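Beneath this line is the structure, given in C-alpha cells, with notes to follow.
Readers should treat all values here as calculations from the given coordinates under stated rules, not as data from a laboratory. Note that the structure is predicted; figures quoted are calculated from it, not measured. Here the Cβ positions follow ideal geometry from the backbone for every residue, glycine too, while neighbour counts run over all protein chains shown.
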Amino acid sequence: MKITIIGTGYVGLVTGACLAELGNDVFCLDVDQSKVDILNSGGIPIHEPGLEDVVARNRAAGRLHFSTDVAASVAHGEVQFIAVGTPPDEDGSADLQYVLAAARNIGRYMTGFKVVVDKSTVPVGTADKVSAAIAEELSKRGLKDAAFSVVSNPEFLKEGAAVEDFMRPDRIVIGHDRTPEGLQAYAQMKKLYAPFNRNHERTFWMDVRSAEFTKYAANAMLATRISFMNELANLADKVGADIEAVRHGIGSDPRIGHSFLYAGCGYGGSCFPKDVQALERTARGYDQELLILRAVEEVNNQQKHVLGKKVVARFGEDLSGKHFAVWGLAFKPNTDDMREASSRVLIGELVRRGASVAVYDPVAMTEAARVLKLDFADAPVLLDRVSFAESPMQALEQADALAIVTEWKAFRSPDFDRLKAALKNPVIFDGRNLFEPQVMAASGIEYHGIGRSILT
Ligand code: NAD
Ligand code: UGA
C-alpha cells in the first residue's frame, strides 16, 4: 500500500519504518529540514534500539523515503498518517496546531480518496476538527464532494522498545465511522494491519471518539499506578516498610498485576505528564473535575523533588562546596529523550543550592547539554557547575555522594569497591531502587532508596 506519514518524530519514524518493513511504500514528511537531511544521509535523529537497521534496510530497498515536500507527500499516500506532536499549550490542554496544519495540507493538495489517520494522541473530538479543516481547504479549491475519511488509530509504543512494541503490538485500536467513506477507510485499515492479525485478532474496532478516549485512558491509568506507588513509597519511608516487598506482595494478585508498580523519582517523558494534564483539561471543558488525575499530576510533580529532598535532609539546605555525581539523565533507559526527565529537576535543585554536579548518561549526553542550557537560561553561569563525565566512574571522582535517576542496565551492578574508593563519602541516593538496602549496609554504603527505609 502507498502510505504517507506526516511528522517524522519518535512515532512517525517508527510507524513509517515498520510499515515499510511489511512491504508498504512509505513516504515520511517533516517540516524539519535538518531531520530529513539526517535521515536521507543514512543517520537517524533519535536513539531507539533496532530502529537504525529497519530504516537502513527499507531505504536501501526503495520502500522508505524522507522529504519536506508537502504536495508530493500528500499525492503519494492513499493512507495519510498524522503523527505530529501534540504538546501542552499554556493551560495544559493539547495544542492541536500541528495536527490541524497537517490536516489543512492534506485538504490543500489531495486528489482522490484519502484515509486520514490520527496517530498523534489527540483529545476526543479532534477527528471532527481534522475533518472540518480538510473540508474547508477542499471547499477553497471548489472540491466540495472530494472524498476522505478520518480514523483514529492511537499509538501505544514505549520509547526504548518502540520497534518491538510496534511490530508486536498487544492491541491495535482503530476508530472509524459508519458512513460509506468510513466503511471504505475500515476496509483499507483492515488490509494495512492484516499482517499483525495473522495469528490472532489484535484489533479493536470502535467508534472514533472511543478510540481517541482509549489512548488517554491507558496513559492515565499507567500514570495513576505510578503516582499511587510513589505516594505509598514515601509513607513506607516514614513507617519503616520496604516498598519493593510491598510491590511483590500486591503485584502477585492477578487483579493488580506486576507492571508499572515501580516506585521512583517520578515519571517523565513526552507523554504521561502531558496526557494526564490534557485529559483533566478536557474534563474541565465539560464542567467535570477529574480529581484522581489532579492528584496523580500533583504527586508526580512533588515526586521529582524526592531525591533533592533526601540530599537536603542528609547534607543540609546550603550545598555550597558540595559535589554530586548523577547517573542517568534520560527520562527512562534506552532512549536519549530528556523531555520532562526527573534528572533535570534534581540537577536544577542541586546547582541552585550551590553544589556542583558531574553527570553521566550512556546516550543522552548531547541532548542533556542542549536541554540544560534551556533550563538554566535565567542564570547561564550556573551551567558552569555542571560537568559532563565520560564514564560512570569518572563522574564519581571526589563526589560527596552519588544520585541515580535512570535505571540503565550499565548502572545495575557497579564495582562497589571502586565506587567507594572514588566517592568522598560512600553515600548513594537511588531514585530507581536498583540495589538492596541490606547488601548496601553490609558493603558499608549509606543507601537512600525510595520507600526502602526498613527497620532492621
Ligand atoms: P516528536 O516531537 O518526536 O515528532 C513530531 C514531528 O512532527 C517533529 O519531527 C516535527 O518537526 C514534525 N511536524 C510538526 N508539524 C508538522 C507538519 N505540519 N508537517 C510535517 N511534520 C510536522 O513527537 P512524538 O514523540 O513522535 O509524538 C507524536 C505524537 O504521538 C504525540 O501526539 C504523542 O503524544 C504521540 N505518542 C508519542 C509516543 C512516544 O513514545 N513518543 C508514543 C505514543 C504516542
Ligand atoms: C508511555 C506508555 O508506556 C506507552 O504505552 C505510550 O504509548 C507512551 O507513553 C505514549 O503515549 O507516548 P513512555 O513514556 O515511552 O511510554 O515510557 P514508559 O515506559 O511508560 O515510562 C514513562 C515514565 O514512567 C518513565 O519516566 C519511567 O521511569 C516511569 N515509570 C514507569 C515509573 O516510574 N514506574 C514504573 O513502574 C514504570
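For region 204-313, which GluC sites (Glu not before Pro) are in a loop by DSSP, counting at most 12 other Cβ atoms within 10 Å? Numbers along the way, then the final one.
On the way: sites: Glu212, Glu231, Glu244, Glu280, Glu289, Glu297, Glu298; in loops: Glu289.
Passing both the DSSP loop test and the Cβ count: Glu289.
Could you pull out every residue, at least 5 positions away or on a different chain, whose amide H is within less than 5 Å of the one on Phe66? Hs are placed 1.01 Å off N in the peptide plane, and Pro or chain starts have none.
Cys28
Grab region 223-448 and count how many Lys pairs have their alpha-carbon atoms under 25 Å apart, sequence gap of 8 or more, or different chains.
28
How big is the C-alpha Rg of the chain next to the rule-of-thumb value 2.2 N^0.38 Å, as a ratio?
Rounded to two decimals, the normalised Rg is 1.06.
Taking 0.36 nm per intervening residue step and subtracting the Cα-Cα distance, what contour gain separates Lys373 from Ala101 on full extension?
In short, 95.0 nm is gained.
Determine, for each peptide in 366-376, 426-436, the mean count of other beta carbons within 10 angstrom over its residues, then list the peptides with the highest first. Display every interim value, and only then the final one.
Numbers: 366-376: 16.4, 426-436: 21.5.
Put in order of decreasing packing, that is 426-436, 366-376.
Over the Cα atoms of region 223-448, how large are the radius of gyration and the largest Cα-Cα distance (Dmax), in Å?
Both quantities, over Cα of region 223-448: 17.9, 59 Å.
How many nm separate the modelled label positions at Tyr286 and Ser41, each set 7 Å beyond the Cα in the direction of the Cβ?
Simple spin-label model gives 4.9 nm for this pair.
Taking 0.36 nm per residue of separation and subtracting the Cα-Cα distance, what length does fully extending Ser252 through Glu397 add? Spell out each step's value before the answer.
On the way: separation 145, 0.36 × 145 = 52.20 nm, distance 4.12 nm.
The span from Ser252 to Glu397 would gain 48.1 nm if fully extended.
Choose one of Leu293, His258, Gly269: the residue whose Cα lies farthest towards the positive end of the charge dipole of the chain (beta-carbon charges +1 Lys, Arg; -1 Asp, Glu; about the Cα centre).
His258
Provide the FRET efficiency to the nearest 0.05 for the Glu436-Val381 pair, computing r from the beta carbons and using R0 = 60 Å.
Values: r = 41 Å, r/R0 = 0.68.
The formula returns an efficiency of 0.90 here.
Residue by residue through region 9-19, which ³J(HN,Hα) values in whole Hz follow from phi under the Karplus form 6.51 cos²θ - 1.76 cosθ + 1.60 (θ = phi - 60°), with glycine and proline marked x?
My calculation for region 9-19 gives x, 3, 6, x, 5, 5, 4, x, 5, 6, 5 Hz in order.
In 10 Å bins starting at 0, how do the alpha-carbon pair distances of region 327-420 split up by percent?
16, 53, 27, 3
Which peptide among 173-184, 17-28 comes first, and what is the full order, when sorted by highest mean count of other Cβ atoms within 10 Å?
My ranking of the peptides, most packed first, is 17-28, 173-184.
At a 10 angstrom cut-off on C-beta neighbours, averaged per residue, how do the peptides 199-207, 400-408, 64-72, 97-105 rank from highest to lowest?
Highest to lowest by the protection proxy: 400-408, 97-105, 64-72, 199-207.
To the nearest 0.05, what FRET efficiency results for Ser320 and Ala56 with a Förster distance of 51 Å applied to their C-beta separation?
On the way: r = 50 Å, r/R0 = 0.98.
Efficiency computed from Cβ-Cβ geometry: 0.55.
Compute, for the chain, the length of the dipole vector about the Cα centre, with Cβ point charges of +1 (Lys, Arg) and -1 (Asp, Glu) only. Units Debye, rounded to 20.
It comes to approximately 520 debye.
Taking the Cα centre as origin and putting +1 on Lys and Arg beta-carbons and -1 on Asp and Glu beta-carbons, what dipole magnitude results for region 223-448, to the nearest 20 debye?
The calculation lands at about 40 debye.
Hey, what do the phi angles of region 105-117 turn into as Karplus ³J(HN,Hα) couplings, whole Hz, using 6.51/-1.76/1.60 and θ = phi - 60°, x for Gly and Pro?
4, 4, x, 5, 10, 5, 9, x, 5, 10, 8, 10, 10
Name the long-range amide H neighbours of Ile172: under 5 Å, sequence gap of 5 or more, or other chain; modelled H, no Pro or chain starts.
Amide H neighbours of Ile172: Thr203, Phe204.
Quick one: length gained pulling Arg352 to Lys140 fully straight, 0.36 nm per residue minus the C-alpha distance?
Gain in length upon complete extension: 70.9 nm.
Compare the Cα positions of Trp408, Ala220, Leu235 along the charge dipole of the chain (+1 at Cβ of Lys, Arg; -1 at Cβ of Asp, Glu; about the Cα centre) and return the one farthest towards the positive end.
Value computed over the given set: Ala220.
Once label points are set 7 Å from the Cα along Cα→Cβ at both Ala421 and Glu90, what is their separation, rounded to one decimal in nm?
5.7
Describe numerically, in nm with one decimal, the distance between label points set 7 Å from Cα along Cα→Cβ at Arg168 and at Gln184.
Calculated label separation equals 3.8 nm.
Could you calculate the FRET efficiency of Met206 with Lys238 from 1/(1 + (r/R0)^6), where r is the beta carbon distance between them and R0 is 41 Å, rounded to 0.05? Each step should come with its number before you reach the end.
Details: r = 44 Å, r/R0 = 1.08.
Taking R0 as 41 Å, the efficiency between Met206 and Lys238 is 0.40.
Can you find, among Gln398, Ala325, Leu183, the residue farthest towards the positive end of the dipole of the chain? Put +1 on the C-beta of Lys and Arg, -1 on that of Asp and Glu.
Leu183
Under 5 Å between amide hydrogens, which residues at least 5 positions from Phe324 or on another chain qualify, with H placed 1.01 Å from N in the peptide plane?
Ser356, Val357, Ala358, Asp400
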